[in-house]
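Structure record follows, encoded as structure tokens.
The values are calculated or read from the model by the stated rules, or taken from the named source; none is laboratory data. Worth saying up front: this structure is predicted, and the values here are computed from it rather than measured. As a convention, Cβ positions derive from the backbone with ideal geometry for all residues, glycine included, and neighbour counts pool all protein chains shown. To get the accessible areas, we keep the full protein, side chains included, count just its heavy atoms, and leave off ligands, DNA and RNA. Shrake-Rupley method; radii C 1.70, N 1.55, O 1.52, S 1.80 Å.
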Amino acid sequence: MKADFALDYDVLTVERPQKLYLMARLVSNATPTNQTRRPLNISLVLDRSGSMAGNKLEYTRQAAQFLVQHLSANDTLSIVLYNEQVTTLIPPDSVSQKDAISQRLNQIKASGMTNLSGGWLEGCKWVEEGLSAEQMNRVILMTDGLANRGVTNTEQLVALARQKRQSNVITTTMGLGTDFNEDLLIAMADAGGGAFYFIESPEVAPTIFKEELRDLLNVVGQNLTVSVETTEHISMVNQLNAYNMHSDGKRVSFSLGDIYGNEVKTLLLELSIPALNEIGECEIARLRFEYDEISSGGSQHQVLDMPIVVNVKQGEADSEGNHEVRRSVLLLQAARARRDAVAAADKGEYDRASQILKLAANAIEDSQILHKELVEEHEVLLQQATEMQRGDEFYDSRSRKMMATQAIYTMTDRHESTQSLRSREVERLLKTPAEEQKPGVTPVAITWREQTMPLRGELIRMGRAPQNEIILEAKNVSRFHCQIKRENDRLVIEDLGSTNGTYVNEVRISEPHMLSVGDIVRVGHEQIIFHDHD
């Protein structure tokens, strides 16, 4: 493996305090072959609470079966299911009877509440039982809801994840849909040394499982730590990423986790430099890379040290700087802006959130660096800033998860995942309903959140309250939002004075409206499609 670094400026002006951006890089070796890759010791922990019924469970089952088919007899797998109860579907065993495992997965049924902690700890127990330094030891936790049984306190769960990581049991978390707690799952993955994934719709689950499995099968190094040993020439070190940090006063260390084949691993640091009074070369710090390199013969601990040297001169330094470093800085500043915008929006400060995003967009524009990633980032930031000004009409559970996920993906060196998430969202928004418009034809069923249900009865009320015939548990839906009445074999929808309005084919209705097959009704941010079949 090859380690190096780059500074945005390596020539500084004498007797002037300055800030430097340091990009530390590790370029990994090629992907291992099947003969040399490290065996996996995985526990797959799956939510099977009642909210998983329907397409969520079906696609999760497909994703799990995909994972099983791509493991080998050298790998160990256990599968844990949880609702309010915890059940081990597959105890730890070598992955040799793949068809039998797939058949067991087909038997999963959804019901009950969500004992997330119980399921996850059971998965950790199975991984710990077969723990070996010669294996990749990982728990993959997937949920679509809130932890409402067992341990539910975020700080406690994060502390447990950190404790498991210290025992070499890594936790990856996956949130499905819009009802889970992304702050909890992000924090657990961060403390647990794994990755966080947002599965924004059920059909994406196999794609996400494939991404995680690809990484697990391509590990060429573990426990990467990048450290900066400072001198009196550095007064402060701040990271732009979101890695675990530790400082002993003189050395600041960042844990970057696993290293994958053919990967460029980067860490971006902001260094505060007091005024330097001596002209000439000056060593301001030392950079260290430490990791365990994996090979067919086992693993070998590697330590690479290098000095960070700047050249101090009279007069103005070069204003151009290193474009690669500056591009990375701007992408990470955009990610941090999204994180800060989410924090502001959580308090209802939507104008401030919008301004934070605009400032990040302006910084990209002012840089005049023409790079496709920055051009895209600039456009997305401005779009999100405009949407944020719509307040509660825009900022719901889904949009919060989209922004928080884009931030954490980019800040953990996964900007490609940010771009993929955006592309899938654009496709979703542009996708036309499969149902053909049939004016005047009375619908008999609706589809909402991947579930289809028949329209029965003379009066069908929609809203958050449990008294409704169709309960829409979403932030921007009123308790009694709208209702559908049957009039002479026709269906008529009317708004019930809701806060955010009822829309038919994106037109807000103010009086009763006759429904037809193919109509799309929007209740808050919930989209409902009307069909002539169930």
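Rounded to two decimals, what is Rg over Rh for region 233-279 when you use alpha-carbon atoms and the Kirkwood radius?
Across region 233-279, the Cα-based Rg/Rh ratio is 1.09.
Which FRET efficiency value, to the nearest 0.05, is calculated for residue 248 and residue 509 with the Förster distance at 56 angstrom and r the Cβ-Cβ distance? Don't skip to the answer; put the middle values down first.
Numbers: r = 64 Å, r/R0 = 1.14.
Efficiency at R0 = 56 Å is approximately 0.30.
Size of the dipole of region 407-534 about the Cα centre, Lys and Arg at +1 and Asp and Glu at -1 on the beta carbon, nothing else charged, in debye to 20? Walk me through the numbers before you get to the answer.
Details: 17 positive and 20 negative charges, 69 e Å.
Magnitude of the dipole: close to 340 debye.
List the trypsin sites (Lys or Arg not before Pro) in region 225-323 that DSSP assigns to loop (not H, G, I, E or B) and whose Cβ has at most 13 other Cβ atoms within 10 Å. Which are they? Display every interim value, and only then the final one.
Details: sites: 250, 251, 265, 286, 288, 313; in loops: 250.
Passing both the DSSP loop test and the Cβ count: 250.
Note down the Stokes-Einstein diffusion coefficient of region 18-69 in µm²/s, whole number, using a Kirkwood radius over alpha carbon pairs, 25 °C, and 0.890 mPa s.
My calculation gives 156 µm²/s for D.
Once the convex hull of the C-alpha atoms of region 136-250 is built, how many Å³ does it hold per residue, rounded to a whole number?
On the way: hull volume 15.6 nm³, N = 115.
Taking the convex hull of the Cα positions in region 136-250, it is 136 Å³ per residue.
Once the convex hull of the alpha carbons of region 450-534 is built, what does its volume come to per residue, in cubic angstrom? Numbers along the way, then the final one.
On the way: hull volume 7.8 nm³, N = 85.
So the per-residue hull volume is 92 Å³.
Can you give the log10 of the normalised intensity I(q)/I(0) at q = 0.11 Å⁻¹, computed with Debye over equal Cα scatterers of region 4-149?
Each listed q maps to, in turn, -0.54.
Tell me, what is the per residue accessible area of the chain in Å², probe radius 1.4 Å?
On the way: 23950 Å² over 534 residues.
Normalised by residue count, the accessible surface of the chain is 45 Å².
Percent relative contact order of region 398-519, based on C-alpha pairs within less than 8 angstrom and at least six residues apart?
Values: 173 pairs, mean separation 24.3, N = 122.
So the answer I get is 20 percent.
Just how many % of Cα pairs in region 106-148 lie over 14 Å apart, if you round to the nearest whole percent? Don't skip to the end; give the middle numbers.
Values: 524 of 903 pairs.
Percent of Cα pairs beyond 14 Å in region 106-148: 58.
In terms of the Cα gyration tensor, with a ≥ b ≥ c the square roots of its eigenvalues, is region 198-262 rounded because a/c is under 1.5, prolate because a/b exceeds b/c, or oblate? Present the calculation step by step, with values, prior to reporting the outcome.
Working: a/c = 4.48, a/b = 2.29, b/c = 1.96.
Cα axes put region 198-262 in the prolate bin.
Suppose the Debye formula is applied to equal point scatterers at every Cα of region 259-322; what is log10 I(q)/I(0) at q = 0.15 Å⁻¹?
Result of the Debye calculation: -0.72.
Please state the Cα pair-distance histogram of region 156-216 with 5 angstrom bins from zero: what percent is in each bin?
All Cα pairs, binned at 5 Å, distribute as 4, 20, 25, 22, 18, 9, 2 percent.
Report, in cubic angstrom per residue, the convex hull volume of the C-alpha atoms of the chain.
On the way: hull volume 85.5 nm³, N = 534.
With only Cα atoms used, the chain gives 160 Å³ per residue.
Percent relative contact order of the chain, based on C-alpha pairs within less than 8 angstrom and at least six residues apart?
Details: 1164 pairs, mean separation 69.1, N = 534.
So the answer I get is 13 percent.
Which pairs in the list 19/265; 125/164; 347/401; 164/250; 2/265; 250/313 are over 21 Å apart, alpha-carbon to alpha-carbon? Don't skip to the answer; put the middle values down first.
Working: 19/265 23 Å; 125/164 10 Å; 347/401 16 Å; 164/250 28 Å; 2/265 11 Å; 250/313 27 Å.
In this structure, 19/265; 164/250; 250/313 exceed 21 Å between Cα atoms.
Could you tell me the ratio Rg/Rh of region 204-336? Both radii from Cα atoms, Rh via Kirkwood. Kindly include the intermediate steps, with their values, before the conclusion.
Numbers: Rg = 18.1 Å, Rh = 17.4 Å.
Using Cα coordinates only, the ratio equals 1.04.
At 25 °C and 0.890 mPa s, grab the translational diffusion coefficient of region 280-356 from Stokes-Einstein with a Kirkwood Rh over Cα pairs, rounded to a whole number in µm² per second. Display every interim value, and only then the final one.
Details: Rh = 17.3 Å.
Using the Kirkwood radius from Cα pairs, D works out to 142 µm²/s.
So which GluC sites (Glu not before Pro) in region 98-172 are both in a DSSP loop and have at most 15 other Cβ atoms within 10 Å of their Cβ? Display every interim value, and only then the final one.
Values: sites: 122, 128, 129, 134, 155; in loops: 134.
Those satisfying the criteria are 134.
Can you list which of the trypsin sites (Lys or Arg not before Pro) found in region 21-122 are DSSP loop residues with at most 14 other C-beta atoms within 10 Å? Mind dumping the intermediate values first?
Working: sites: 25, 37, 48, 56, 61, 98, 104, 109; in loops: 37, 48, 109.
Counting only loop positions with at most 14 other Cβ atoms within 10 Å, the trypsin sites (Lys or Arg not before Pro) in region 21-122 are 109.
Tell me the carbon and sulfur percent of the accessible area for the chain, rounded to whole percent, probe radius 1.4 Å.
Numbers: 11090 of 23950 Å².
C and S atoms contribute 46 percent here.
Tally Lys/Arg at +1 and Asp/Glu at -1 over every other residue whose Cβ is under 15 Å from the Cβ of residue 375; what's the total? List each step's numbers first, then the result.
Details: positive: 326, 327, 372, 422; negative: 365, 366, 373, 376, 377, 379.
Spelling it out: positives minus negatives among the neighbours equals -2.
I need the P(r) histogram for region 346-431: all alpha carbon pairs, bin width 5 Å from 0 out to the longest distance, whole percents.
3, 13, 22, 26, 22, 11, 3, 0
Can you give the accessible area of residue 93, probe radius 1.4 Å, in Å² rounded to 10?
About 90 Å², ignoring ligands and nucleic acids.
For residue 488 and residue 153, what is the calculated FRET efficiency with R₀ set at 56 Å and r taken between the beta-carbons, to the nearest 0.05? Could you put the intermediate results ahead of the total?
Values: r = 55 Å, r/R0 = 0.99.
Computed FRET efficiency for residue 488 and residue 153 comes out at 0.50.
Using the scaling law 2.2 N^0.38 Å as the reference, what is the normalised Cα Rg of region 365-512?
Working: Rg = 19.7 Å, N = 148, 2.2 N^0.38 = 14.7 Å.
This ratio for region 365-512 stands at 1.34.
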